[in-house]
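Every number here is computed from the coordinates shown, using simple stated rules; none is lab data. In this text the structure is predicted, and so the values were computed from the model without any measurement. A quick note on method: Cβ atoms are made from the backbone with ideal geometry, for glycine too, and the neighbour counts reach across all protein chains shown.
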C-alpha cells in the first residue's frame, strides 16, 4: 500500500475589500467599484476571508472601543455557524450589509448592537449570514481579534 500526501494548502495572504458594512442604518448594496486588497497576518488568514469598511457607530462601545466608524472588519465567509455572542456580517434582503452581534432577544434570534443606543432587530428568513467578523483594524494594517461577548441588554 502506497501513501500519498497532498501538498499543504495555505490560506491566502491578502483579503479584498468588497464594500461597506453598516453599523447603523443599512447601506447601498453596491458601494465600491474598485477593489482594495489588504495584507493579512498569518494567524488571521482564512480561505474565504473578505474585508468590509464600517459606516456608523452601532458597534462602538460606550467607552469608544469596539468596532468604530471607518474601521475595517475581516470576515470569515466559511464561519456561518450562528453562535450567539459573536459578531457577524449579515446581508439583508436588498443586498445591504450590516455588522451586528447575534443574540437572543425576547426568546428569538436577533441582531444586537454593542452601542446601547440602538435597538435589537429580530432575524428573518430574508437575512443571510455572510460570515463571522473575527478581526478589526483602524488602518488596514494592524488587526485585533473581535471577541465573543455575552449580552445583557
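The residue 117 and residue 139 beta-carbon pair, evaluated with R₀ = 25 Å, returns a calculated FRET efficiency of approximately 0.45. Compared with the alpha-carbon gap, the fully stretched path from residue 124 to residue 39 is longer by 27.1 nm at 0.36 nm per residue. FRET efficiency for residue 47 and residue 148, Cβ-Cβ distance as r, R0 = 35 Å, nearest 0.05? Step by step, r from the Cβ atoms, then E = 0.95. By the Stokes-Einstein formula, at 1.002 mPa s and 20 °C, region 14-145 with its Kirkwood radius over alpha-carbon pairs has D equal to 147 µm²/s. Kirkwood-type hydrodynamic radius, region 92-153: 13.2 Å, calculated from all non-identical alpha-carbon pairs.
In plain terms, the residue of 58, 13 with the fewest other Cβ atoms within 10 Å comes first and the most crowded comes last, giving 13, 58.
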